[in-house]
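Have a look at the structure below, then the notes.
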Amino acid sequence: MTIPLSDLLRHLGPVDLSAVDARSTPGFDGGKDDAKAALGALGPELADLQERLHAGGRAETTDRSVLLVLQGMDTAGKGGTISTVAGLVDPQGLALASFGKPTPEELEHDFLWRVERRLPTAGQIGIFDRSHYEDVLIGRVRQLAEPAEIERRYDAINDFERRFTDHGGVVVKCLLHIDRDVQAERLRARLEDPTKYWKYNPGDIDERAFWDDYQRAYEIAVERCSTEAAPWHIVPAGRKWYRNWAVATLLAETLRGLDLAWPPADFDPQAELARLEADT
């Protein structure tokens, strides 16, 4: 029996990212062309499942929603993953959110305030490009908060995600894992191609000096915040084609597990057909 990809990539307990091969392809035996074909074949099912979810939300027959959280070092491919996965479904049922440096207004509130406001509602798939985990990643590495506050945030995140799942939500958390060499290759590609200059930020080089600190911050975040209700999945992202297939597959597995049904009509279809015929 084929093992679900979510089982292969799910991580509970201690994590050693240095032991995870960023170019590995767990659960997939083919190559780039095979992955693209598999992704294309997955598209119609994913679109159907998402439409069922969206329809249920519109008809108020379901309280289910899905939140896809994408985290990773710079160049891990969060944007590319979103473009690929979002391109397979109806944008009407998507709620995209990106979290950068907090605004002055956001800093006046608890760190989860801005995130809570962007959660998907019933029937939606929400995608976070970065997320509430920024506040225990860069917050920890760059010492943007006191150690006691960082510690408090892990428990606050777990409580926050549990509340979301208790009210019909499902969280799919993906750490897009790359190693230092992969990041260097991708930064070099941006610097050697004028069409990619806009993707480059000189600060990315500065942040590489903190690589080991970031890796440890990610390990701690996964260890502290991977729960049965909202587990973390470590997705090797050194091969873009595998990364895209893996995240789309995780999303499809999640939607299948919701046992989604089309909402029933709240009118008499036959009577409406008769009215239509009478009007033509």
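The values are calculated or read from the model by the stated rules, or taken from the named source; none is laboratory data. Predicted model, so just to flag it, every value in this text is computed and none were measured. Because the Cβ atoms are built from the backbone with ideal geometry, glycine has one as well, and the counts that use them run over all protein chains shown. Areas reflect the complete protein model, heavy atoms only, side chains present, ligands, DNA and RNA absent. Shrake-Rupley method; radii C 1.70, N 1.55, O 1.52, S 1.80 Å.
How tilted is helix 240-256 with respect to the longest principal axis of the chain? Cα atoms for both, answer in degrees (0 to 90, nearest 10).
Relative to the chain, helix 240-256 is tipped by roughly 40 degrees.
Which number do you get for Rg(Cα) / (2.2 N^0.38 Å) in segment 142-204?
Segment 142-204 yields a ratio of 1.72.
Please give me the summed charge of the neighbours of Gln92: other residues whose Cβ is under 12 Å from its Cβ, Lys and Arg +1, Asp and Glu -1.
Once positives and negatives cancel, what remains is -1.
Using alpha carbons only, what's the Rg to Rh ratio of segment 1-136 with Rh from Kirkwood?
Over the Cα atoms of segment 1-136, Rg/Rh equals 0.99.
Using the Kirkwood radius over C-alpha pairs as Rh, can you work out the diffusion coefficient of the chain via Stokes-Einstein at 10 °C, viscosity 1.306 mPa s, in µm² per second?
79
Rolling a 1.4 angstrom probe over the protein heavy atoms, how many square angstrom per residue are accessible across segment 123-262?
Result: 45 Å² of accessible area for each residue.
Determine, from the Cβ-Cβ distance of Asp266 and Ala19 and an R0 of 51 Å, the FRET efficiency 1/(1 + (r/R0)^6), rounded to the nearest 0.05.
For R0 = 51 Å, the calculated efficiency reads 0.40.
What is the calculated FRET efficiency for His109 to Asp63, with r their C-beta to C-beta distance and R₀ = 30 Å, to the nearest 0.05?
Values: r = 26 Å, r/R0 = 0.87.
For R0 = 30 Å, the calculated efficiency reads 0.70.
Could you pull out every residue, at least 5 positions away or on a different chain, whose amide H is within less than 5 Å of the one on Leu96? Hs are placed 1.01 Å off N in the peptide plane, and Pro or chain starts have none.
Under 5 Å from the amide H of Leu96: Ile127.
Please list Leu176, Leu107 in order of solvent-accessible area, largest first, computed with a 1.4 Å probe with all protein chains present.
From most exposed to least exposed: Leu107, Leu176.
Could you give each residue of segment 53-63 its phi-based ³J(HN,Hα) in whole Hz, using Karplus coefficients 6.51, -1.76, 1.60 with θ = phi - 60°, and x for Gly or Pro?
Result, rounded to whole Hz: 4, 5, 4, x, x, 5, 7, 6, 9, 9, 10.
In Å and whole numbers, how far do the C-alpha atoms of segment 142-280 stretch along each principal axis, longest first?
Largest first, segment 142-280 extends 73, 44, 25 Å along its Cα principal axes.
Would you grab the residues whose amide H sits under 5 Å from the one on Val171? Only those 5+ places off in sequence or on another chain, please, with H modelled 1.01 Å from N.
Hits under the 5 Å cutoff: Leu67.
Out of Phe111, Phe128, Phe267, any idea which swings most in a Gaussian network model of the chain, alpha carbons joined below 10 Å?
Comparing Phe111, Phe128, Phe267 in the GNM, the peak value goes to Phe267.
Can you tell me which of 196-207, 116-127 comes out highest on packing, and rank the rest after it, using the mean Cβ neighbours within 10 Å?
116-127, 196-207
Pro4: net charge of surrounding residues, Cβ under 14 Å, Lys/Arg +1, Asp/Glu -1, itself excluded?
0
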